[in-house]
1. Could you list, in sequence order, all residues of region 226-250 that are more than 11 Å from ligand 1 (Cβ to nearest atom) and open to solvent by 10 Å² or more (accessible area, probe 1.4 Å)?
2. State which residue is nearest to ligand 2 (Cβ to nearest atom) when the search covers only region 304-319 and only residues that are within 18 Å of Leu197 (Cβ to Cβ) and not aromatic (Phe, Trp, Tyr).
3. Sort through Arg62, Arg99 and tell me the only one that's open to solvent by 60 Å² or more (accessible area, probe 1.4 Å) and away from ligand 1 (no atom under 16 Å from the Cβ).
4. Within region 273-292, can one find any residue that is assigned to a helix (DSSP H, G or I), of a type in the set (D, E, K, R), on the phi < 0 side of the Ramachandran plot and modelled with pLDDT of 95 or more?
5. Out of region 75-96, which residues are polar (S, T, N, Q) and either touching a residue at least 24 places away in the same chain (Cβ under 8 Å) or within 11 Å of ligand 1 (Cβ to nearest atom) (or both)?
6. State whether the residues of region 66-76 include one that is at pLDDT below 95, over 30 Å from Ala246 (Cα atoms) and open to solvent by 30 Å² or more (accessible area, probe 1.4 Å).
7. Could you say which residue among Pro146, Pro137 is away from ligand 1 (no atom under 16 Å from the Cβ), over 30 Å from Asn43 (Cα atoms), without any contact (Cβ under 8 Å) to a residue 40 or more places away in the chain and within 22 Å of the chain's Cα centre (by Cα)?
8. Going through region 311-329 one residue at a time, which ones are in a loop (DSSP other than H, G, I, E, B), open to solvent by 10 Å² or more (accessible area, probe 1.4 Å) and small (Gly, Ala, Ser)?
Amino acid sequence: MGSPGLGTGNSGQRLGITEPISLGGPTEYDVIKTRELEKYLQNVGLYESQEEAVSREEVLGRLDQIVKNWVKAISRAKGLNEQLVQEANAKIFTFGSYRLGVHGPGADIDTLCVGPRHATREEDFFGELHKMLSEMPEVSELHPVPDAHVPIMKFKFKGVSIDLLYAKLSLWVIPEDLDISQDSILQNTDDQTVRSLNGCRVTDQILRLVPNIQNFRTTLRCMRFWAKRRGVYSNVAGFLGGINWALLVARICQLYPNALPNMLVSRFFRVYTQWRWPNPVMLCAIKEGSLGLQVWDPRKNPKDRYHLMPIITPAYPSMNSSYNVSSSTLRIMTDEFQRGSEICEV
Ligand SMILES: Nc1ncnc2c1ncn2[C@@H]1O[C@H](COP(=O)(O)OP(=O)(O)OP(=O)(O)O)[C@@H](O)[C@H]1O
Ligand SMILES: [Mg+2]
């Protein structure tokens with residue numbers, strides 16, 4: 001895992017919508033405490049083995065090959081000429097906790113297949129690709145959910161759980177080095193594609209907007225572990241899920257760009273104990289964009305005014321990622337932040 005990183009990753013440029021609270025760097029004590037913290041996180045089994053990491057990479061490589069074969073097969077079946085068939089391409093991107101580098105052993109991998117305009121969601125993705133997967137001996141527990149808000153195919157590949165989304169771009173050819181961070185990628189796509197691209201675009205932004213990725217990762221691993229222990233890790237139950245904890249930690253990293261994880265954990269509790277919700281937590285300013293997609297804005301959208309704990313996603317179109325929070329779950333989390341803060345102060 002290496003030694004704790006110092007916050008020099010982005011050559012001193014300010015990240016975030018305000019100045020940092022402190023530019024203070026670590027003391028010898030912080031370095032020791034952060035090492036202890038990392039060791040603790042390892043001992044409780046939060047890190048996967050080298051073997052498991054390699055096996056996941058192999059699975060992702062296979063999956064990428066499968067969608068490439070799929071897109072060529074459907075291009076041929078649609079009667080495209082041989083040159084276009086050869087050029088036809090699709091590509092797998094990852095997001096979620098795997099992409100952030102904070103997943104534990106046995107975690108699922110959130111993946112996105114990006115395909116060209118002639119590869120449709122209904123017939124080609126949920127039809128032909130589903131059929132190809134169902135015939136593969138490595139694939140088990142295959143569950144397509146085409147009517148979900150974000151349509152998804154869930155399955156296991158060689159025992160690794162995969163969530164697979166689909167984005168149908170308006171491009172005829174998907175370049176292998178496609179950059180999905182550009183907003184223009186959303187042009188002329190359907191709503192499901194915009195929503196499916198969102199997870200990857202948000203994850204990319206988070207990694208760009210934190211001053212030191214290694215410190216961010218260790219702190220986030222710690223906060224995810226703490227939240228699960230304290231029973232406040234769950235989107236569906238009205239608490240916070242993976243993305244929300246990631247955004248909260250990322251903001252603390254911006255506010256203390258040179259701090260090590262031991263300090264970041266204690267500042268996390270201090271800042272969010274004092275936070276005056278519903279002031280939003282944001283990593284960057286909300287972009288209006290030129291595509292006319294709706295972004296979070298309580299001045300314009302009446303429903304956004306009811307959000308109690310807004311934690312805004314950093315990629316266009318920005319949304320509140322924690323609309324599920326209620327006054328009772330907010331109170332429980334605030335009490336937990338307070339408890340954490342008191343423990344860190346002693
Ligand atoms: N409420 C939401 N708002 C915006 N994006 C979301 C939301 N829920 C999920 N996502 C996107 O989907 C990704 C995967 O979600 P998931 O719930 O699997 O979280 P995770 O970070 O992978 O944590 P876990 O280890 O619990 O799977 C998130 O990282 C995020 O990009
Ligand atoms: Mg996940």
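The values are calculated or read from the model by the stated rules, or taken from the named source; none is laboratory data. Bear in mind the structure is a predicted one, so any value in this text is a computation, not a measurement. We place every Cβ from the backbone using ideal geometry, glycine too, and count neighbours over all the protein chains shown. Calculation scope for accessible area: heavy atoms of the full protein, side chains included, ligands and nucleic acids excluded. Shrake-Rupley method; radii C 1.70, N 1.55, O 1.52, S 1.80 Å.
1. Residues of region 226-250 that are more than 11 Å from ligand 1 (Cβ to nearest atom), as a first pass: 226, 229-232, 237-239, 248-250.
Answer for region 226-250, where residues must be more than 11 Å from ligand 1 (Cβ to nearest atom) and open to solvent by 10 Å² or more (accessible area, probe 1.4 Å): Trp226, Arg229, Arg230, Gly231, Ala237, Phe239.
2. Filtering region 304-319 down to residues within 18 Å of Leu197 (Cβ to Cβ) leaves 312-319.
Now drop any that are not not aromatic (Phe, Trp, Tyr), which leaves 312-315, 317-319.
Numbers: Ile312: 20, Thr313: 15, Pro314: 18, Ala315: 17, Pro317: 21, Ser318: 21, Met319: 18 Å.
Filtering first and then ranking leaves Thr313.
3. Numbers: Arg99 fails: away from ligand 1 (no atom under 16 Å from the Cβ).
Just a single option satisfies the conditions, and that option is Arg62.
4. Going residue by residue through region 273-292, those that are assigned to a helix (DSSP H, G or I) are 273-274.
Subsequent filtering for residues that are of a type in the set (D, E, K, R) retains none.
No, region 273-292 contains no residue that is assigned to a helix (DSSP H, G or I), of a type in the set (D, E, K, R), on the phi < 0 side of the Ramachandran plot and modelled with pLDDT of 95 or more.
5. To start, the set of residues in region 75-96 that are polar (S, T, N, Q) comprises 75, 81, 83, 86, 89, 94.
Of everything in region 75-96, those that are polar (S, T, N, Q) and either touching a residue at least 24 places away in the same chain (Cβ under 8 Å) or within 11 Å of ligand 1 (Cβ to nearest atom) (or both) turn out to be Ser75, Asn89, Thr94.
6. No, that holds for no residue.
7. On the way: Pro137 fails: within 22 Å of the chain's Cα centre (by Cα).
Only one candidate qualifies: Pro146.
8. Ser321, Ser326
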